[in-house]
1. Those residues that are at pLDDT 95 or above and either of a type outside the set (Lys, Arg) or not assigned by TED's automatic domain parsing to the domain that holds ILE78 (or both), I need them from region 189-206; list them, please.
2. Given (1) buried (at least 16 other Cβ atoms within 10 Å of the Cβ); (2) closer than 30 Å to THR50 by Cβ, identify the lone condition not met by PRO304.
3. Any residue in region 24-42 that is in the same structural domain as MET252 (by TED's automatic domain parsing) and free of Cβ contacts under 8 Å to residues at least 60 places away in the same chain sitting within a Cβ distance under 6 Å of a residue that is in a loop (DSSP other than H, G, I, E, B) and surrounded by fewer than 24 Cβ atoms within 10 Å (Cβ to Cβ)? List the pairs, counting only those 6 or more apart or interchain.
4. For TRP209, state whether it is closer than 23 Å to GLN311 by Cα, in the same structural domain as MET52 (by TED's automatic domain parsing) and either basic (Lys, Arg) or surrounded by fewer than 24 Cβ atoms within 10 Å (Cβ to Cβ) (or both).
5. Taking TYR255 as meeting all but one of (1) closer than 18 Å to ILE35 by Cβ; (2) surrounded by fewer than 23 Cβ atoms within 10 Å (Cβ to Cβ), write down the number of the exception.
6. Restricting to region 21-56, name every residue that is over 30 Å from SER84 (Cβ atoms), crowded, with 23+ Cβ neighbours inside 10 Å and not aliphatic (A, V, I, L, M).
7. Kindly check whether there is at least one residue in region 92-106 that is outside any helix (DSSP H, G or I), of a type in the set (S, T, N, Q) and in contact (Cβ under 8 Å) with a residue 12 or more places away in the chain.
8. Considering only region 266-280, I want to know if a residue exists there that is outside any loop (DSSP other than H, G, I, E, B), in contact with a strand residue (DSSP E or B) (Cβ under 6 Å, 6 or more places away or on another chain), within 18 Å of ALA59 (Cα to Cα) and at pLDDT 95 or above.
Amino acid sequence: MSRAVVIALFALVVCRDAAAQQVIGGCPVLPANNIWNTPIDTLPVLANSTAMVNTIGAARGFHADFGAGLWEGGPIGIPFITVSNPPKFPATFLYDDESDPGPYGVPLNAPIEGGSNSNGDRHAIAIDTATCTLYELYRAFPQASSWVGDSGAIYDLRSNALRPSTWTSADAAGLPIVPGLVTWEEVQSGEIRHAIRFTVPQTRREFVWPARHYASNLVGTQYPRMGERFRLKASVNISTYPADVQVILRAMKKYGIILADNGSAWYLSGKPDERWNNNNLRSFSQLLGSNFEAVDATVLRIDPNSGAAIQNGVNVTVTPSTATLRIGHPQTFSATVTGAASGVQWDVNGTPGGDAIVGTIDSAGQYVPPSTLPNPAVVTVRATSTAVPTASGTASVTLIPPVTLTSVNRLSIANGVVSLTANGAGFVPGSVVWFNSVALNTTFVSATRLTATGNAPAPSPSAPVFVRVPDGDSSNVLTIAMVSTAEVSVTLSPTTASLKIRKTRTFTATVLGSSNTAVTWKVNGMSGGNASVGTISAAGLYSAPRTLSSASKTVSVSATSVADPTKVATATVTIMRR
């Protein structure tokens, strides 16, 4: 059966309100159309579903790996905290090549999975509710002012972006943890609106969308892949379970469970809470692996590098999907809707039409950045189908400041060539430094630094310098003093001398090519010399040592230009005992 036919079949019967997804601290836990938040109760069953269930354990009961109280001294479940604009700490990782470098907004006193003395997974997780940023650490150990861990990941909870393919996260599947946790609050609301995280003992050396990473050497198709989606069969009677457990079971029928890590068979993940009824949670042992089936969630995939899923057979695509914009430069986005009428509503970071903080967008899709950079300086532009509000598409917009030149240093003008370093803000690849109306050969170092070289102009008291960026903007102009186009040189007189112990000799250093004629005096490479080799004053007066261990001794007196420390002149001094 073709992908198009499969989509058409389930599109006829899928009609769910994914827009009401979980919200924590005012932040959506991923967009409404994310695959975590998308119902899968009508998706096709995979051909190897029974084989995978049998491998995990068809007769094995489920286990709620969360609850009230303590287990081996730690809370039961995976804790996380909400904070607003927390201090951010650097982090070092064992798997640093697959971890986000940070810094991480996880307080150093954040709860650790299993407790502070745990030797297990030790997840430490925080949500910054001011920016809707999720920080997750695996095997996390707080230090005096930093974190040390095995791996870490940072997510924008308003974005469908996935981690780079083959990257781990704080979970083996390369997925975020929080979107799959069961919380007491959502159970009390009467409905869980997302898939639930779970573990199994053996997985395949493969991952399936939306997972990004595998953690196994097993290759048989009887083993589930990281990211595998299972659901509780619709035929399973859940009426005999406690009311709070029924809420979770309904979610397992509608949204299913996602395989996220290697661990115990059919272990469900949740947040610890003293309000859980552990006796009720133990009833999960009656739920068997045979009650589940694996489904093909990839029929909902729009882009392999995005968690966005087709909603009700309707797809919304925003073009361009990413953009880097400078303050003051608008960008027009377009939305393509398939499967429904073409009308869309635009928002920025969830605010219809945007606002002065994150920028505004009109009904035609023209986005105008704010006058000052928001924090963070990445915003999400979204187009939502007016016919099917659960279907939307997004674009990620990175905002950069106006191009500004703050200083120019390391200025060298020699042999007809000028070289300099420009410091400022808003630089991008392709930026060009202009010196005295001449475009220099410019190297992009960072958003705040450029280096440039080129032909020097004729000698003049000063020269204007500015930066022009590819979008046509130019920075302010700085006027740089110019002294000479001659190369700096140093000569020393005399170049040789003979001197008896305890005698003195004056050396004269001449500096050309710079208005700064100062030099640094050294004897045998030591500034000012010492009693063994003799000393030299700032005025060039050399004093021979008072004693010698041999009949004679040779030392080197040098003068180094302060203006250009690469320029040095030396003299040889022979010291005699008598």
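1. ILE192, HIS194, ALA195, ILE196, PHE198, THR199, VAL200, PRO201, GLN202, THR203, GLU206
2. (1)
3. Pairs that qualify, where the first residue is in the same structural domain as MET252 (by TED's automatic domain parsing) and free of Cβ contacts under 8 Å to residues at least 60 places away in the same chain and the partner is in a loop (DSSP other than H, G, I, E, B) and surrounded by fewer than 24 Cβ atoms within 10 Å (Cβ to Cβ), are THR42/VAL13; THR42/VAL14.
4. Working: closer than 23 Å to GLN311 by Cα: yes; in the same structural domain as MET52 (by TED's automatic domain parsing): yes; either basic (Lys, Arg) or surrounded by fewer than 24 Cβ atoms within 10 Å (Cβ to Cβ) (or both): yes.
Answer is yes for this residue.
5. Condition not satisfied by TYR255: (2).
6. Hit for region 21-56 is PRO39, nothing else.
7. At the first step, the residues of region 92-106 found to be outside any helix (DSSP H, G or I) are 92-95, 99-106.
From what's left, of a type in the set (S, T, N, Q): 92, 99.
This time we only want the ones that are in contact (Cβ under 8 Å) with a residue 12 or more places away in the chain, so: 92, 99.
Yes: region 92-106 contains one or more residues that are outside any helix (DSSP H, G or I), of a type in the set (S, T, N, Q) and in contact (Cβ under 8 Å) with a residue 12 or more places away in the chain.
8. Just the residues of region 266-280 that are outside any loop (DSSP other than H, G, I, E, B), to begin with: 267-270, 278-280.
With the extra rule that they be in contact with a strand residue (DSSP E or B) (Cβ under 6 Å, 6 or more places away or on another chain), the set shrinks to 267-270.
Next, only the ones that are within 18 Å of ALA59 (Cα to Cα) stay: 267-268.
Of the ones still in play, those that are also at pLDDT 95 or above are 267-268.
Yes; the residues of region 266-280 include at least one that is outside any loop (DSSP other than H, G, I, E, B), in contact with a strand residue (DSSP E or B) (Cβ under 6 Å, 6 or more places away or on another chain), within 18 Å of ALA59 (Cα to Cα) and at pLDDT 95 or above.
The values are calculated or read from the model by the stated rules, or taken from the named source; none is laboratory data. Just so it is clear, the structure is predicted and the values come from calculations on it, not from any experiment. Don't worry about glycine lacking a Cβ; one is built from the backbone with ideal geometry, like all the others, and counts go over all protein chains shown.
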